[in-house]
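These notes concern the structure reproduced below.
Read-outs throughout are calculated quantities, based only on the coordinates presented, and are distinct from any laboratory measurement. Keep in mind the model is a prediction, meaning the values are calculated, not measured.
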Amino acid sequence: VQLQASGGGSVQDGGSLRLSCAGSGRAFSYGMGWFHQAPGKEREFVAVIRGSVGTTYYADSVKGRFTISRDAATYTVNLQMNSLTPEDTAVYYCAAARRWSESYKSTHDYHLWGVGTQVTVSG
């Protein structure tokens, strides 16, 4: 099972980008998440969509601006990012959860990772 992320790029402050991650049914079983990592910082949780029921969860910093969704037919998870700010600049990674738990914000709960895609927001 592999994950393939795409959609990164450079935008101005206030702009939008849409990231996509293609996986497989197996990868989607428990949940698919997005994390980001800025230079010199830890990888941080951004959003996740739970596999069985489709419930979504977000980091406080992106609530109201980012939307995670999935297309079950194509095994694709998307992250629509609006009102981007320079603080959103990072490499974004999609990941498949190894199980569903209340620690979904932890990288340890994910066992498959896509290659990161760079998002750069200039002010």
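Details
- Segment V115-S52, extension gain: residue separation times 0.36 nm, minus the distance between their alpha carbons: 20.2 nm
- The alpha-carbon atoms of the stretch 6-123 define a convex hull whose volume equals 91 cubic angstrom per residue.
- Diffusion coefficient of the stretch 63-123 by Stokes-Einstein, Kirkwood radius over Cα pairs, 10 °C, 1.306 mPa s: 119 µm²/s.
- Here the stretch 1-63 is described by how far its Cα atoms reach on the three principal axes: 35, 24, 24 Å, from widest to narrowest.
- Length-normalised contact order for the stretch 25-123 - Cα pairs under 8 Å, 6+ apart - percent: 30
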